[in-house]
Structure formats: C-alpha cells, structure tokens
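Heads up: the structure comes next, in structure tokens.
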Amino acid sequence: METDGALIEQSVRGRPDAFVEVVQRDEVAVHWFLARRAGHHVADDLLGEVWVRAFAALGGCDPGYDDARPWLCGIARNVLRA
C-alpha cells in the first residue's frame, strides 16, 4: 500500500485520480475532526470544502510525510474558521 505522501506526489505529477485514494483513506478521520468541533450535520457540509481546498493546495504538501491526516486536519481547521 502506498503512503498518502506518495499518492499526493503522483497527483501533483499528473495523476489527480491518486488523490481519490487519499480521500477514501482519510475521509472518516477528517469528518470526525470536523464533527467533534461543529456537529455531524455541519461536518457533512464542510467535508467537501476540505477536499476542494486540499486538492487546490496539493503542490504545497510535503510528500515526504507518510500520513496526510495532519495536513488535512489543518485544512479542516481553516475551513471551520472560515
């Protein structure tokens, strides 16, 4: 199994479908992060915005990290603040 970092690097290099696997792996954890802070219904609404912002910011993610969840939770935190 490839790391989140490897998948993100592949996505940056022209395989945006590789990001789909990162989403599938981490959507439960990111949703939980949002739900703990804003409630489940609000988290449902905000989760899509997290993925849009994460995809737009892929170039700024360090693929050297195996786990993208801290980066994604940082994006989720920014979405909550907005």
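Yes or no: Arg81 without any contact (Cβ under 8 Å) to a residue 12 or more places away in the chain and either open to solvent by 30 Å² or more (accessible area, probe 1.4 Å) or of a type in the set (S, T, N, Q) (or both)?
Details: without any contact (Cβ under 8 Å) to a residue 12 or more places away in the chain: yes; either open to solvent by 30 Å² or more (accessible area, probe 1.4 Å) or of a type in the set (S, T, N, Q) (or both): yes.
Answer is yes for this residue.
Is the stretch 70-82 home to any residue that is of a type in the set (A, V, I, L, M, F, W, C), more than 12 Å from the chain's Cα centre (by Cα), assigned to a helix (DSSP H, G or I) and more than 25 Å from Glu2 (Cβ to Cβ)?
Taking the stretch 70-82 first, the residues of a type in the set (A, V, I, L, M, F, W, C) are 71-73, 75-76, 79-80, 82.
Restricting the remaining residues to those that are more than 12 Å from the chain's Cα centre (by Cα) gives 80, 82.
With assigned to a helix (DSSP H, G or I) added as a condition, the list becomes 80.
Next cut, more than 25 Å from Glu2 (Cβ to Cβ) only: 80.
Checked the stretch 70-82: at least one residue is of a type in the set (A, V, I, L, M, F, W, C), more than 12 Å from the chain's Cα centre (by Cα), assigned to a helix (DSSP H, G or I) and more than 25 Å from Glu2 (Cβ to Cβ).
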Within the set of pairs 6 or more residues apart or between chains, which connect a residue that is closer than 9 Å to Leu72 by Cβ and in contact (Cβ under 8 Å) with a residue 24 or more places away in the chain inside the stretch 19-44 to a residue that is open to solvent by less than 30 Å² (accessible area, probe 1.4 Å) and not in a helix (DSSP H, G or I) with Cβ atoms less than 9 Å apart? Val22/Ala68; Asp26/Ala68
Restrict the check to the stretch 33-40 and report whether at least one residue is surrounded by fewer than 19 Cβ atoms within 10 Å (Cβ to Cβ) and under 13 Å from the mean Cα position of the chain (by Cα). no
Identify, by number, the condition in (1) surrounded by fewer than 17 Cβ atoms within 10 Å (Cβ to Cβ); (2) without any contact (Cβ under 8 Å) to a residue 12 or more places away in the chain that Val12 doesn't meet. (2)
Are any residues in the stretch 41-53 surrounded by fewer than 16 Cβ atoms within 10 Å (Cβ to Cβ), over 13 Å from the mean Cα position of the chain (by Cα) and among the aliphatic types (A, V, I, L, M), and if so, which ones? Val42
Out of the stretch 54-72, which residues are surrounded by 13 or more Cβ atoms within 10 Å (Cβ to Cβ) and more than 17 Å from Val20 (Cα to Cα)? Tyr65
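Residue-by-condition table, conditions (1) modelled with pLDDT of 95 or more; (2) among the basic types (Lys, Arg); (3) on the phi > 0 side of the Ramachandran plot:
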| site | (1), (2), (3) |
| --- | --- |
| Gly5 | no, no, no |
| Arg15 | no, yes, no |
| Phe33 | yes, no, no |
| Arg37 | yes, yes, no |
| Asp45 | no, no, no |
| Val50 | yes, no, no |
| Gly59 | no, no, no |
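The values are calculated or read from the model by the stated rules, or taken from the named source; none is laboratory data. These numbers come from a predicted model, not from an experiment. Using ideal geometry, Cβ is built from the backbone for each residue, glycine included, and neighbour counts are taken over all protein chains shown. Heads up: the accessible areas ignore ligands, DNA and RNA and are worked out on the full protein's heavy atoms, side chains in. Shrake-Rupley method; radii C 1.70, N 1.55, O 1.52, S 1.80 Å.
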